[in-house]
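Asks: Supplied in structure tokens, the structure appears directly below.
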Amino acid sequence: MKQYYKIIDEKEVLFTGNVLYTEKEIDGVKYKMSIYNPTDQDMIDAGWLEWTHPEPTAAEKLRAAKEEKIQQIENYDSSDAVEQFTINGTSMWLSHEVRQQVKTSVEAYVATGAEECTKIFNGVEYTFPCTTWLQMLSALEVYAAEALNTTERHKLAVSKLTSIKKVRDYDYTEGYPEKLSF
């Protein structure tokens with residue numbers, strides 16, 4: 001069905017329902033009516049005007065293309081293409097919060113004099129010297145920071161593009177750091 005609007009209190013109001021409340025005069029008597037799923041003619045007869053969507057301007061189209069590309073960049077950043085590393089051949093990712101929790105835990109082991117500790121991720125136990133844990137966590141934190149910098153550079157580059165073609169052709173998968181393997 002087409003969209004319709006009326007000017008009510010000097011504002012364009014879109015018809016958004018599926019029930020048209022109207023009055024009809026039959027033989028000089030006004031009747032209030034509810035028309036479910038009104039036809040185009042019902043809408044016109046009730047004084048509604050057909051809504052035509054204005055064609056977006058070039059600037060609006062460019063802004064929409066940029067917003068779409070930036071959403072793609074953000075989706076890529078949070079995908080396994082970026083958020084992944086391997087440990088003993090198993091792929092995984094640890095959020096910033098989990099990395100901080102693990103670091104705090106390993107530092108507590110070190111403070112008590114332990115030389116190694118075990119952590120369990122996705123049902124798999126990993127035992128390493130505490131110094132190795134801290135080195136891996138530091139490397140992972142640097143990787144995450146560099147990946148985020150790359151994502152932000154891509155978003156900034158897209159925001160500066162001046163044509164829809166350049167936006168659509170922009171390759172946001174370039175420049176990410178190499179995934180870590182422990």
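Asks: Filter segment 149-163 down to residues that are outside any loop (DSSP other than H, G, I, E, B) and of a type in the set (S, T, N, Q) and give me whichever is farthest from Thr86 (Cα to Cα).
Replies: Ser159
Asks: May I ask you to say which residue of Lys179, Lys166 is of a type in the set (D, E, K, R), surrounded by 13 or more Cβ atoms within 10 Å (Cβ to Cβ) and outside any helix (DSSP H, G or I)?
Replies: Only one candidate passes the filter, namely Lys179.
Asks: Kindly establish whether Glu146 is surrounded by 13 or more Cβ atoms within 10 Å (Cβ to Cβ), among the charged types (D, E, K, R) and assigned to a loop (DSSP other than H, G, I, E, B).
Replies: No; evaluated as a whole, the condition is false for this residue.
Asks: Does segment 5-35 hold any residues that are surrounded by 11 or more Cβ atoms within 10 Å (Cβ to Cβ) and farther than 25 Å from Trp51 by Cβ, and which are they?
Replies: none
Asks: Could you give me the residue pairs with C-beta distances under 8 Å whose first residue belongs to segment 101-116 and is in the same structural domain as Trp133 (by TED's automatic domain parsing), whose second residue is outside any helix (DSSP H, G or I) and surrounded by fewer than 12 Cβ atoms within 10 Å (Cβ to Cβ) wherever it lies, and which are 6+ apart or on separate chains?
Replies: So the pair list comes out as Glu116/Thr127.
Asks: Looking only at segment 122-162, count every residue that is under 30 Å from Gln71 (Cα atoms) and at pLDDT below 95 and tell me the total.
Replies: 1
Asks: Go over the candidates Gln41, Gln71 one by one and state the one that is part of a helix (DSSP H, G or I), farther than 30 Å from Thr118 by Cβ and not assigned by TED's automatic domain parsing to the domain that holds Ser163.
Replies: Gln41
The values are calculated or read from the model by the stated rules, or taken from the named source; none is laboratory data. Please read these numbers as outputs of a predicted model, since none were measured by experiment. All Cβ positions, even for glycine, are placed from backbone atoms using ideal geometry, and neighbour counts span all protein chains on display.
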